[in-house]
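One structure below.
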Amino acid sequence: MTAIQEPAVKSYFFGKGYRDLQATIVESWSLNLASARKELGAAGKLWPGTYLAKGGAILRGTAGISVIVFGTAFFLAFSALHIAVLLAFFLLIYLGFTLVYLIERGYLAWQQLSTVCPECHEKCALPEYFCPTCGKLHRRLIPSQYGILHHTCECGKRLPATFFLERGELQARCPNPDCGHLLKAGGHTDSRKAFIPIFGGPSVGKSAYLFSTVQQLAIEGPRLGFSPFFVDAHSENEFAQASQQLAHGRPPAKTLASLPRAFSLKLQREGRDSRVLYLYDPAGEAFGETEGLVLHKYQGYLSGLIFLIDPFTIPAVRLDYQERLSGVRDALKPSALPAEDALSRIFISLEEHFSQARTARLKFPIAVVINKVDAFDLEDRIGERAVRSRVAANPTADQGALWDELIRHQLIRWDQGDLVQQLEARCARVRYFTCSSLGRMPDGTARAFAGRGVLAPLLWLLNLETAR
């Protein structure tokens, strides 16, 4: 099935079996010829003698010819039988590992289990695995000529060669030759995943939104039936640093990398399959030009998308608060890129580089989130308090639908009808949200930030219970 040489011992039927068959055939033919030469040689020695000796010579010569004729016939017959039996075993073994391989591939596809590198974002069918004993790299640890269920490493260690035998617990690495990043066992490999980027222009608050959302996941997770765990040390250290900043009233550092490393969390759910969540926070400058999104390979396999909007990029909002903006501009940091431009570049990137048809609607859901609603009296302008009052009066009301309708209409009142139309024309599922990724406007004090409304969009995208 593969021509790649592995540091493993080949199955008998694909290595030593061929050599043994060849040796048996060569040895049998050699013995047959040796026996014929012996009889013919003896006949040659007896022939010059007496008549009795000549009779013996004829007898030995006849025996030699018989060995050549009948011995060759028996040799060919039994060699053919030997070859047929061995080939039958070869065929059974080949069918066996092919069947196991196809069952494994089919199961992984059905369960949507995959391997994705958080560093280069390469999605691959099979990572490369290390032998835990000698550290040798096995590039094709699958049912093959090296074994159906196990491969035996050259050091003697038996390695599981299929997902069903917990191959994913081995240390692995990304197979991309330009990357080679180590993949955490049981997290990045052979697991159900969700891929959700946080898109938006510069200074819309993506980094603060990401870390506030993870904080809320840790708080609300047990109530919702799952527990979040960090998949790798990089994500854990990044979160710890951002949490310290938020706790001391400092916004998280702005993302500088236009091609970000995935922030990875494992959502462990009792009695159900866990899911690894990949969150992406690219620098807002990546949206300045369409080419800035070309290397973002995760756009080819998105589970959903959070589109963050800074309301102060909207001319109508800036006009309403123009007298108050000048005094808080440094704290508020309004984005310079209009939401409609950022959205257009996302669609163009998907069309030009990720095979999205221009007339087709996106199949994955999009959560449109207006951030920074803690500023001034934006919440009152949008009418959030009125919705809370309606929900308090009628707890059975569809809270999500109320928010969705309210925020959508507010965008239209702010002359963002083209943005709404573009979203709803290109996306099969859209829902509108508001949030404050910091919970309050920065004021230079050390009061802790605590995001509000940040979790609801993510829970909606993951089809989990929504809390606001």
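Extension gain for Lys297-Arg139 works out to 54.6 nm (0.36 nm per residue, less the C-alpha to C-alpha distance). For Val9, the solvent-accessible surface computed with a 1.4 Å probe is close to 80 Å², ligands and nucleic acids excluded. Shown are Tyr107, Tyr278, whose ranking by accessible area with a 1.4 Å probe and every protein chain present, most to least, is Tyr107, Tyr278.
The slack between Leu149 and His248, meaning 0.36 nm per residue of separation minus the straight C-alpha distance, is 30.3 nm. The trypsin sites (Lys or Arg not before Pro) found in segment 309-366 that occupy coil by DSSP, while having at most 10 further C-beta atoms within 10 Å, are Arg358, Lys363. The packing ranking, built from the mean of other Cβ atoms within 10 Å per residue, places the peptides 261-268, 307-314 in the order 307-314, 261-268, highest first. Provide the FRET efficiency to the nearest 0.05 for the Trp110-Phe74 pair, computing r from the beta carbons and using R0 = 41 Å. According to the calculation, E is roughly 0.15.
Split the accessible area of segment 92-160 by element, probe 1.4 Å, and carbon with sulfur accounts for 59%.
Taking all protein chains together and rolling a 1.4 Å probe, Phe239 ends up with roughly 30 Å² accessible.
Students often get this wrong, so check it: of Lys123/Lys157; Lys184/Lys206; Lys123/Lys254; Lys266/Lys363; Lys157/Lys297; Lys184/Lys333, which have C-alpha atoms separated by over 30 Å? Check vs 30 Å cut-off fails for Lys157/Lys297; Lys184/Lys333. Other residues whose C-beta falls under 11 angstrom from the C-beta of Leu149 contribute a net charge of +1, scoring Lys and Arg +1 and Asp and Glu -1. Each residue of segment 138-250 gets 165 Å³ once the volume of the Cα convex hull is shared out per residue. Given a Förster radius of 30 Å and the C-beta distance between Glu166 and Leu91 as r, what FRET efficiency does 1/(1 + (r/R0)^6) yield to the nearest 0.05? Here the calculated transfer efficiency is 0.55. Under the simplified labelling scheme, the Leu102-Asp415 pair shows an inter-label distance of 6.3 nm, with each label point 7 Å from Cα along Cα→Cβ.
Size descriptors for segment 22-163, from the alpha-carbon set: Rg then Dmax equal 28.7, 93 Å. Between Arg37 and Glu405, full extension at 0.36 nm per residue minus the direct alpha carbon distance yields a gain of 122.5 nm. Placing a label point 7 Å from the Cα of Thr24 along the Cα-to-Cβ direction, the residues of segment 71-96 whose backbone N falls under 14 Å from that point are 75-90. What is the list of residues in segment 223-253 whose amide nitrogen lies under 14 Å from a point 7 angstrom out from the Cα of Leu182, following Cα to Cβ? Residues 232-235 qualify, since their backbone N sits under 14 Å from the label point.
Note on Lys38: lysines with a C-alpha under 18 Å away, same-chain residues under 8 apart excluded, are Lys54. Here the simple spin-label model places points 7 Å from the Cα toward Cβ, and for Ala233 and Leu81 these points are separated by 6.4 nm. Between Ala448 and Ala360, the simple label model (points 7 Å from Cα in the Cβ direction) yields a spacing of 4.6 nm.
The values are calculated or read from the model by the stated rules, or taken from the named source; none is laboratory data. Being a predicted model, the structure only gives us computed values, none of them experimental. Here the Cβ is made from the backbone with ideal geometry for all residues, glycine too, and neighbour counts use every protein chain on show. SASA here: full protein model, heavy atoms, side chains in, ligands and nucleic acids out. Shrake-Rupley method; radii C 1.70, N 1.55, O 1.52, S 1.80 Å.
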